[in-house]
Amino acid sequence: MTVLLLSIHVLASIVFIGPVTVASGMFPRYARAALAGTDRNEGERARAAVGLLHRVSRVYAALGLSVPVFGMATGAQMGVLSSPWLVISMILTALAAGLLAFVIIPQQRAVVDALEGEAPPLSAMTRVVARLGMTSGLFSLTWAVVVVLMITRPGSTTGV
């Protein structure tokens, strides 16, 4: 049972967390291009990319909820839920989820709305996009640390 839970946990991490991390990281670049709107064709492509990246972020964030669920089930099955490396990983996962749910996705939504003319003027969005770049970098870094903790966990039986 542990092998099955661990396999689902790792696959869900790759399939769900990977895309949302990439999409949130790419969003600021395309948002800047869409907000600049210097070339009509380039601006339209950037706007389409912004919409797609926001949709990927939203959908994969919801699907990514399965990662900590299967991770905690795996940890419980292995009897390591109270291990410091796992507790730190769970805290970092909660931090990453909070950044995504309460900062990244709402700010992406604000940019999408601004591009559709339904929110503050486009000029006000430049600071939002700058914050998004920083926040998505922190989001990615948080996941990188979690992955390293999962691979090199203290007491690992892999011999690493």
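Key figures for this structure:
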read-out	value
Selection status of residue 96, part of a helix (DSSP H, G or I), under 18 Å from residue 149 (Cα atoms) and touching a helix residue (DSSP H, G or I) at 6+ places or on another chain (Cβ under 6 Å)	yes
Matching entry among 93, 74, 2 (being over 30 Å from residue 122 (Cβ atoms), surrounded by fewer than 17 Cβ atoms within 10 Å (Cβ to Cβ) and either of a type in the set (S, T, N, Q) or in contact with a Phe, Trp or Tyr (Cβ under 8 Å, 6 or more places away or on another chain) (or both))	2
Top-ranked residue in region 30-50 [being within 19 Å of residue 100 (Cα to Cα) and free of Cβ contacts under 8 Å to residues at least 24 places away in the same chain; ranked as surrounded by the most Cβ atoms within 10 Å (Cβ to Cβ)]	30
Tabulated pairs, region 52-75, first among the charged types (D, E, K, R), second open to solvent by less than 70 Å² (accessible area, probe 1.4 Å), C-beta under 7 angstrom, 6+ apart or interchain	58/105
Every residue from region 14-29 that is open to solvent by 80 Å² or more (accessible area, probe 1.4 Å) and either over 30 Å from residue 71 (Cβ atoms) or not hydrophobic (A, V, I, L, M, F, W, C) (or both)	29
Test for residue 104: is it open to solvent by less than 30 Å² (accessible area, probe 1.4 Å) and touching a residue at least 40 places away in the same chain (Cβ under 8 Å)	yes
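For (1) aliphatic (A, V, I, L, M); (2) assigned to a helix (DSSP H, G or I); (3) over 22 Å from the mean Cα position of the chain (by Cα); (4) at pLDDT 90 or above, each residue gets a yes or a no:
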site: 73; (1), (2), (3), (4): yes, yes, no, yes
site: 106; (1), (2), (3), (4): no, yes, no, yes
site: 111; (1), (2), (3), (4): yes, yes, no, yes
site: 117; (1), (2), (3), (4): no, no, yes, no
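The values are calculated or read from the model by the stated rules, or taken from the named source; none is laboratory data. Predicted model, so just to flag it, every value in this text is computed and none were measured. Don't worry about glycine lacking a Cβ; one is built from the backbone with ideal geometry, like all the others, and counts go over all protein chains shown. These accessible areas exclude ligands, DNA and RNA; they are computed on the full protein's heavy atoms, side chains included. Shrake-Rupley method; radii C 1.70, N 1.55, O 1.52, S 1.80 Å.
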